[in-house]
1. Rounded to the nearest 20 Debye, what is the dipole magnitude of the chain about its Cα centre when Lys and Arg each give +1 and Asp and Glu each give -1 at the C-beta?
2. Helix 17-34 versus the longest principal axis of the chain: what angle, 0 to 90°, nearest 10, using Cα atoms?
3. Before rounding to the nearest 500, sum -39500 (n - 2.57) across all DSSP H runs of length at least 4 in the chain and divide by the residue total; then give [θ] at 222 nm in deg cm²/dmol.
4. Please rank SER91, SER177, fewest neighbouring Cβ atoms within 10 Å first, as an exposure proxy.
5. Pairs of Cα atoms under 8 Å, at least six residues apart: use those to get the relative contact order of the range 39-190, whole percent.
6. Treat the count of other C-beta atoms within 10 Å as a stand-in for reagent exposure and order VAL56, VAL51, VAL242 from fewest to most.
7. If you take the square roots of the eigenvalues of the alpha-carbon gyration tensor of the range 75-177 and sort them as a ≥ b ≥ c, do you get rounded (a/c under 1.5), prolate (a/b over b/c) or oblate?
8. For helix 73-105, what angle does its Cα long axis make with the longest principal axis of the chain, in degrees from 0 to 90 and rounded to 10?
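The numbers here are math on the coordinates, done by the rules we state, and not lab data. Everything numeric here is computed off the predicted structure, so don't read it as measured data. Neighbour counts run over all protein chains shown; Cβ positions are idealised from the backbone, glycine included.
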Amino acid sequence: MSTATVPRPVDLPRPRPLADAMTMLGRQLRHARRYPELTVIVLLVPVVLLVLFVLVFGSTLGAGLAPGAPASRGAYADYVLPAILVMTITSIAQGTSTTMAMDTTQGIIDRFRTLSIAPGAVLSGHVLAATIQSLLSMVVVTGVGLAVGFRPHASAVDWLLVVGLLTGLSFAVSWLSVALGLASRTVESASNYPMPLVLLPFLGSGFVPTDSMPAGLRSFAEYQPFTPVMDAVRGLLLGTPVQASTVWVGAGWCAVLAVAGWLLARRLYARPRRG
């Protein structure tokens, strides 16, 4: 009596979270290289705003930074650049949310779920690519700022702290944008979901001191997440005294936003997509 041979199950390769994340990062970077127009579009907004606010409104707004302050475009360029750097991060977030939604709506995420890759690698690839894109874009914006009158007085340690804070904020906002892209049913809505993040620098200390705002708005502006980051970056770049608590509060907000975005993105990624 013959016995049937039972086929052995195929051993699938085990997921490698770090290697899989690097693979997905390479995928996103190749996409950015093939479609540079998306990067140019999201970078154009902060650059145009920087030139507009400094060269057109700089003299008037610069005079209002402090009582009796002389009208100076350079002084306002020093003041507003941290807000423009934060807006660069939030503009990149719009592109990240859009690309995440494209992967989701086109079925690519469903294909990735069938492969033996770490579940978080797909999301991490988007986040790391967005963070790198934000850092490179901020270098461009800083160069434009120098051209229109920005003059930093930061030490090497100050620059390291600035880069660390802005990298942390970019990492946090990237996780939020990935979550927003996963939550979007269409690519069009994904480009609109991060809009509140783009507006937050206007409703903080980014463009005018919070002391000049009405009481209710001033309270919101002083306690919203971007204000301590912008205040810390401004003080560090200009070499003015910065309270350690401001830096720590800004870093704390980055950590809170990153964890919240990560948890939401992982939950949305694991949830079956509904049509």
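1. Details: 19 positive and 11 negative charges, 208 e Å.
Magnitude of the dipole: close to 1000 debye.
2. Approximately 60 degrees, to the nearest 10.
3. On the way: 12 runs with 197 residues, N = 275.
Only helices count here, giving -24000 deg cm²/dmol.
4. On the way: SER91 26, SER177 30.
Result, fewest neighbours first: SER91, SER177.
5. Details: 166 pairs, mean separation 52.4, N = 152.
Contact order relative to length: 34 percent.
6. On the way: VAL56 11, VAL51 16, VAL242 19.
Exposure proxy ranking, most exposed first: VAL56, VAL51, VAL242.
7. Numbers: a/c = 3.88, a/b = 2.40, b/c = 1.62.
It comes out prolate by the Cα gyration axes.
8. Tilt relative to the chain: about 20 degrees.
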